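Asker: Quick one: the structure is below, and I'll ask about it shortly.
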Amino acid sequence: MSESESERRDVFWKMYQEHCTQGRHHETQRSTVATALIAIAAASIGFITLDRGLTRIDMPLTLFMVGVGVFGAAFSAKHYERFSLHMERGRAYRDELDSLLKSAPIKRLKNLADKEHTQHFPRLENLRLNAFWLIMYLFLCGLGVVLTGLAFMDAIPPPKL
């Protein structure tokens, strides 16, 4: 193996690692923000129901919930896009590294593992985690819309003391 081949392998390996690290970073940020937004939405629901009623006074908080859902969905989608970019770049570096190795062991082993995984999880394999994140935020947004509509109609007056 020449020095230039060794250098190329090192560069491809380091670039692969860097993009995997960046992808994990985006996933961690997405998870952290999701935790915060769910806590904020739960606190909003707590304040909305504090007086055991649902009236127009609660509309700023119900509209805030809609905003939390929309923001969360957009934030999650953007981080998924960035994650996908880094994973695609990482795959490119990994494949280039594999082409420098005799008999392409990385791709061969990856294909074997993918085949076995597909056999164990044939239905779940095609479900994307990003869809679950987006569904959660759309649920929060939809809940905010429903609560806004009920608040607008003064649907649940607070109990008389």
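Asker: With each pseudo-label sitting 7 Å past Cα toward Cβ, what's the Ile40-Arg8 distance in nm, one decimal?
Answerer: Placing both labels 7 Å along Cα→Cβ, they lie 4.9 nm apart.
Asker: Could you name the lysines in cross-link range of Lys14, using Cα to Cα under 20 Å and dropping any fewer than eight places away on the same chain?
Answerer: Lys102, Lys107, Lys110
Asker: Turning to a different aspect of this structure: Highest GNM mean-square fluctuation, the chain, Cα pairs closer than 10 Å: which of His26, His120, His79?
Answerer: With Cα springs under 10 Å in the chain, the top fluctuation among His26, His120, His79 is at His120.
Asker: Helix-derived [θ] at 222 nm for the chain: sum -39500 (n - 2.57) over DSSP H runs of at least 4, divide by residue count, nearest 500?
Answerer: After summing the helix terms and dividing by the residues of the chain, the value is -29000 deg cm²/dmol.
Asker: Could I ask something else about it? Sketch the reach of a paramagnetic label on Ala131 as a point 7 Å from Cα along Cα-to-Cβ, and name the residues of the stretch 53-80 whose backbone nitrogen lies under 17 Å away.
Answerer: Correct set: 77, 80.
Asker: So, one more: Helix 59-100 versus the longest principal axis of the chain: what angle, 0 to 90°, nearest 10, using Cα atoms?
Answerer: 0
Asker: Right, another one. Mind pulling the angle between the C-alpha long axis of helix 105-120 and the longest principal axis of the chain? Nearest 10 degrees, somewhere in 0 to 90.
Answerer: 40
Asker: Which residue fluctuates the most in the chain, going by a Gaussian network model with Cα springs under 10 Å, if the choices are Leu37, Leu147, Leu129?
Answerer: In the Gaussian network model the winner is Leu129.
Asker: How far is helix 129-152 tilted, in degrees, relative to the longest principal axis of the Cα atoms in the chain, given as a value from 0 to 90 rounded to the nearest 10?
Answerer: Helix 129-152 sits at roughly 10 degrees to that axis.
Asker: Also: Given a 10 angstrom Cα cut-off, can you work out which residue in Phe121, Phe47, Phe12 is the most mobile in a GNM of the chain?
Answerer: Between Phe121, Phe47, Phe12, it is Phe121 that shows the largest mean-square fluctuation.
We did not get these values from a lab; they are worked out from the coordinates using the rules stated. No experiment lies behind these values; they were computed from the predicted model shown. As a convention, Cβ positions derive from the backbone with ideal geometry for all residues, glycine included, and neighbour counts pool all protein chains shown.
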